[in-house]
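The values are calculated or read from the model by the stated rules, or taken from the named source; none is laboratory data. These numbers were taken from a predicted model, which means no experiment stands behind them. Here the Cβ is made from the backbone with ideal geometry for all residues, glycine too, and neighbour counts use every protein chain on show.
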Amino acid sequence: MNADDLLLMSISITDLQAMISICKSELDWLDMTINIKKSMCMRIGKRFNVATSDIHLDRKPINWCSEIRYLGLFIVAATTFKCNLHNAKINFFRSLNGILGKVGSASPVGLTLSLVSTNCNPILLYGLESIILSKSNISSITYPYNSAFMKLFGSFDKCVITLCQYYSGHLPLNYLVDLRALKFYDKLSVSDFNPANILYRWFGCREHNEIAEKYSITTSDLIG
């Protein structure tokens, strides 16, 4: 639950219908209603594209969709949990072009990179620390991330861009994503009263250890 949004997850269509009916009864008792026009259903799994029965609310069907926006992330129907990063990349370039258009080419590179890191990168990386990114996901957001360095340093060579990032004190994208994920898991590991801590101990702890082992260092070393 988040404000007036309610996300229901179930293991089957039958369970989902039962959960919606329970929520409907409870909201009726509270004299509240569900806006069916803003409600939708989506399947994630091996049978995500198989036609299925409609889910009903007040005898009205809830539309099945291939993409849902929830808390700023665009979740798509697929065999596994995936997010559509296209909108994040568009907003990143819009913010980047706005900054470059204001500061111009005469501004110090360090200042421009600081503005990009503060205002643009959070748009591109929003929420990504909480999900497992595939190699294609990393590749798709690496180009927009590197585009700022390409523009400022006038090079499209990957090795040159990596060196520019190193000497300007900025991490390559894959390291930055892993660092954000480690910090995210570290916060979950100490949040004993946070329901998300249960999910972390169930699944996220393994991902946390895999990232830490990849760099052969501890989480405290990275965060410190």
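The residue that is modelled with the lowest pLDDT, counting only those in segment 36-82 that are among the polar types (S, T, N, Q) and more than 16 Å from residue 19 (Cα to Cα), is 52.
One line per residue, one yes/no per condition, for (1) surrounded by 11 or more Cβ atoms within 10 Å (Cβ to Cβ); (2) hydroxyl-bearing (Ser, Thr, Tyr):
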| position | (1), (2) |
| --- | --- |
| 34 | yes, no |
| 40 | yes, no |
| 43 | yes, no |
| 46 | no, no |
| 52 | yes, yes |
| 55 | yes, no |
| 62 | yes, no |
| 68 | yes, no |
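Sub-7 Å Cβ pairs linking a first residue in segment 31-50 that is in contact (Cβ under 8 Å) with a residue 40 or more places away in the chain and not assigned by TED's automatic domain parsing to the domain that holds residue 19 to a second residue that is part of a loop (DSSP other than H, G, I, E, B) and surrounded by 14 or more Cβ atoms within 10 Å (Cβ to Cβ), at least 6 apart or interchain, number zero.
Number of residues in segment 133-162 that are surrounded by 14 or more Cβ atoms within 10 Å (Cβ to Cβ) and part of a helix (DSSP H, G or I): the value is 17.
Is there a residue in segment 111-132 that is modelled with pLDDT of 90 or more, outside any loop (DSSP other than H, G, I, E, B) and farther than 24 Å from residue 175 by Cβ? Scanning segment 111-132, I find no residue that is modelled with pLDDT of 90 or more, outside any loop (DSSP other than H, G, I, E, B) and farther than 24 Å from residue 175 by Cβ, so the answer is no.
Here's the yes/no breakdown for (1) touching a Cys at 6+ places or on another chain (Cβ under 6 Å); (2) assigned to a helix (DSSP H, G or I); (3) of a type in the set (Lys, Arg):
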| position | (1), (2), (3) |
| --- | --- |
| 16 | no, yes, no |
| 20 | no, yes, no |
| 26 | no, yes, no |
| 33 | no, no, no |
| 80 | no, no, no |
| 92 | yes, yes, no |
| 100 | no, yes, no |
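Taking the criterion of being of a type in the set (Val, Ile, Thr), exposed (fewer than 11 other Cβ atoms within 10 Å of the Cβ) and over 20 Å from residue 176 (Cβ atoms), would at least one residue in segment 79-97 satisfy it? Looking through segment 79-97, at least one residue is of a type in the set (Val, Ile, Thr), exposed (fewer than 11 other Cβ atoms within 10 Å of the Cβ) and over 20 Å from residue 176 (Cβ atoms).
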